[in-house]
Amino acid sequence: VPTLTTAGELGFKAPEETGTTFIENAAIKAVAAAKAGGLPALADDSGLAVDALDGAPGVYTADWAECDRDGNPLPERDWELAMTKVHEAMEASGRIENGAAFICALALAWPDGHVEVVEGRCEGTITWPMRGDKGFGYDPIFVPADFDQTFAEIDPAQKQAISHRADAFKKLKAIC
């Protein structure tokens, strides 16, 4: 059985995520770890894409929780503020659509530079106000397709089975 070790446990410095897509950022992280460790490395990048915001927050999903409304850094991530920013931005957009997707890109890189990438999605809608106390991040405002409860309201095992990460891992398994 292979042993899994995180890049952090190996003391690797996280590379700057300069990509404009989830796939680019996942590949940047996986390639950096594979080169630094001399072993295959798996990395992900994930976030929320809201239709009314033309895909935002997208690759900046975590950033929306790391800064106040004026762009000043917060001492820790504030997911309630991030969800409020999404709601306010959707209202300000004037668009009535509420479609959204959680997206997860996985990149599996080898030290020789070979990279396999996949992208998983969980389609759904944004709801307001926030609902539920399970999960994390944007889960209290995301209702997956064919559900009437948010990710923060449904059973965690059920969420894991339909999540963007589950979809990505299924796709990665199929190509490997």
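Looking at the chain as a GNM with Cα springs under 10 Å, which of Gly94, Gly37, Gly55 has the largest mean-square fluctuation?
Gly94
Once both axes come from the Cα atoms, what is the angle between helix 22-37 and the longest principal axis of the chain, in degrees from 0 to 90, rounded to 10?
In the chain, helix 22-37 runs at an angle near 30 degrees to the longest axis.
Compute the long axis of helix 79-93 from its Cα atoms, compare it with the longest principal axis of the Cα atoms of the chain, and write down the angle in degrees, 0 to 90, nearest 10.
60
Identify, among Ala152, Ile141, Ile126, the residue whose Cα sits farthest towards the positive end of the charge dipole of the chain, taking +1 on the Cβ of Lys and Arg and -1 on the Cβ of Asp and Glu, with the dipole about the Cα centre.
It is Ala152, whose Cα lies furthest towards the positive end.
Evaluate the charge dipole of the chain about its Cα centre and quote only its size in Debye, nearest 20, assuming +1 on the Cβ of each Lys and Arg and -1 on the Cβ of each Asp and Glu. Provide the component values of the computation, followed by the final result.
Details: 15 positive and 29 negative charges, 124 e Å.
Rounded to the nearest 20 debye, it is 600 debye.
Quick one: if you stick a label point 7 Å off each Cα along the C-beta vector at Thr18 and Ile175, how many nm between them?
Computed distance between label sites Thr18 and Ile175 equals 2.3 nm.
Taking the simple approach of a point 7 Å from Cα along Cα-to-Cβ for both Asp54 and Glu123, what is their distance in nm?
Label-label distance for Asp54 and Glu123, simple model: 2.3 nm.
Determine the share of region 90-176's accessible area contributed by carbon and sulfur atoms, expressed in whole percent, with a 1.4 angstrom probe.
Working: 2460 of 4610 Å².
Taking all protein chains in place, region 90-176 shows 53 percent carbon and sulfur surface.
Let me know the longest stretch in the chain that avoids all GluC sites (Glu not before Pro) found in a DSSP loop with at most 13 other C-beta atoms within 10 Å. Intermediate values should be presented prior to the final figure.
Details: sites that count: Glu9, Glu16, Glu76, Glu97.
In the chain, the maximal stretch lacking such sites is 98-176.
Report the accessible area of Arg121, computed with a 1.4 Å probe over the heavy atoms of all protein chains in place, in Å² rounded to the nearest 10.
Here the accessible area works out near 100 Å².
Might you tell me the accessible area per residue for the chain, computed with a 1.4 Å probe and given in Å²?
On the way: 9890 Å² over 176 residues.
Normalised by residue count, the accessible surface of the chain is 56 Å².
Which entries of Lys13/Lys85; Lys85/Lys134; Lys29/Lys85 have Cα-Cα distances beyond 25 Å here? It would help to have the intermediate numbers written out before the result.
Working: Lys13/Lys85 30 Å; Lys85/Lys134 20 Å; Lys29/Lys85 28 Å.
Correct reply: Lys13/Lys85; Lys29/Lys85.
In the full protein assembly as shown, how much of Arg77 is accessible to a 1.4 Å probe, in Å² to the nearest 10?
120
Charges only on Cβ, +1 for Lys and Arg, -1 for Asp and Glu: so what's the dipole of region 88-176 about the Cα centre, in debye to the nearest 20?
Details: 9 positive and 14 negative charges, 52 e Å.
It comes to approximately 260 debye.
So which chymotrypsin sites (Phe, Trp or Tyr not before Pro) in region 117-176 are both in a DSSP loop and have at most 13 other Cβ atoms within 10 Å of their Cβ? The partial results should precede the final answer.
Values: sites: Phe136, Tyr138, Phe142, Phe147, Phe151, Phe169; in loops: Phe136, Tyr138, Phe147, Phe151.
Within region 117-176, the qualifying chymotrypsin sites (Phe, Trp or Tyr not before Pro) (loop, at most 13 other Cβ atoms within 10 Å) are Phe136.
The values are calculated or read from the model by the stated rules, or taken from the named source; none is laboratory data. What you see is a predicted model, and the numbers here were worked out from it, not measured in a lab. Because the Cβ atoms are built from the backbone with ideal geometry, glycine has one as well, and the counts that use them run over all protein chains shown. Please note that ligands, DNA and RNA were not included when accessible areas were found on the heavy atoms of the full protein model with its side chains. Shrake-Rupley method; radii C 1.70, N 1.55, O 1.52, S 1.80 Å.
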